[in-house]
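Quick note: the coordinates plus some simple rules give every number you see, no bench work behind them. Remember, it's a predicted structure, so these values are computed and weren't measured experimentally. Using ideal geometry, Cβ is built from the backbone for each residue, glycine included, and neighbour counts are taken over all protein chains shown.
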Amino acid sequence: MPDLADVLGARERIAPYLRPTPLYRYPALDALTGARLRVKHENHQPVGAFKVRGGVNLVGRLGAADRERGVVSASTGNHGQSIAYAASLFGVEAIVYMPEDANPVKVESMRALGAEVVFHGRDFDDAREYCEQQAAEHGYRYVHSGNEPDLIAGVATYGLEIVADWPEVEIIVVPVGGGSGAAGTAIVARAVRRSIEVIGVQSEAAPAAFRSWQAGRLVDDKTSTFAEGLATRTAFELPQQIMRELLHDFVLVPDAAIAAATRTMIEKTRNLVEPAGAAALAAVLADPARFAGRNVAIVCSGGNISPGQLTALWPAT
């Protein structure tokens, strides 16, 4: 389980490659939610998502033998982009396994970064299981998208930036797929100021992490959400361990609320936002009394929305 020292070390390691992302206030969102709201724009990262922090930290720490072996990972897109980006920085070969209906924007990005992309199965977990088989067969360094302390320490650095930029923050709302972002943010919040509430949010159409957190053990569940960044049907042990100990609360929101929040984020912030990146706003809008009048940071975890997803959000009339 990473601690604050690991996160501080990750901040130093990634600093030559990644700049801090902005934490912006939008009065229109304040008026809409009743909260004093700020958006942590991880969609401003070079690959358009927060995961790159963890990828750079992990790949940058690999020894010579692991770099020579090459790395493989499974992803619906943003984790894969993080590994591809980091591998390109450090001269490491990378293969990313993805479900067959993967977001084409993310696929193109990974290929442009030099990674090989292999499609397998109908969802993330199909691709992950196949990836693990290939890693064992060929001797690659397998990078799990959640059970990697260096990934969690890396993504936790955005939590450091939030509390440094806004010491008065009271609540941080974080989208959850595998849970590395929420776990990392909770580590920072507990170490810096225990009164900061960290709330995870996941889609009702892919609630495995939420159900596991509730049950106190790993459980599988359906995954039918259109927000691929939240689409896991099995939970991950290390993020779950951290979230069970440190997360203040965990909520579910329906896909319809995520779609509406995505439209709102794009309209009010003038940023491209992918559905998973709008989940935190969906959670605030779903329970306004809880957040009204409080200092709330929402994590826009990514902006890699595809043309097809945009069209579906604003169908022709």
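A few comments on the model shown:
- Mean residue ellipticity, 222 nm, helices only, the chain: the sum of -39500 (n - 2.57) across DSSP H runs of n ≥ 4, divided by residue count and rounded to 500, is -14000 deg cm²/dmol.
- Whole-angstrom gap from the range 50-75 to the range 163-187, using each part's C-alpha centre: 23 Å
- Placing +1 on the Cβ of every Lys and Arg and -1 on the Cβ of every Asp and Glu, with no other charges, gives the chain a dipole of roughly 860 debye about its Cα centre.
- Most mobile listed residue (Ala65, Ala280, Ala86) in the chain, GNM with C-alpha springs under 10 Å: Ala65
- Which label in (i) 117; (ii) 166; (iii) 216 gives the computed volume of the Cα convex hull per residue in Å³: (i)
- Lys, Arg +1 and Asp, Glu -1 on Cβ, resulting dipole of the range 102-188 about Cα centre, debye, nearest 20: 220 debye
- Computed from Cα positions, the angle between helix 78-90 and the longest principal axis of the chain comes to roughly 50 degrees.
- For the range 89-182, applying the loop criterion from DSSP together with a ceiling of 10 other beta carbons within 10 Å to the GluC sites (Glu not before Pro) yields Glu168.
- Dipole of the range 1-118, positive end: most advanced residue of Gly91, Gly48, Gly80 [Cβ charges, Cα centre]: Gly48
- Qualifying chymotrypsin sites (Phe, Trp or Tyr not before Pro) in the range 112-160, DSSP loop, other Cβ atoms within 10 Å at most 14: none
- Residue among Ser145, Ala65, Ala115 farthest towards the positive dipole end of the range 52-145, charges placed on Cβ: Ala65
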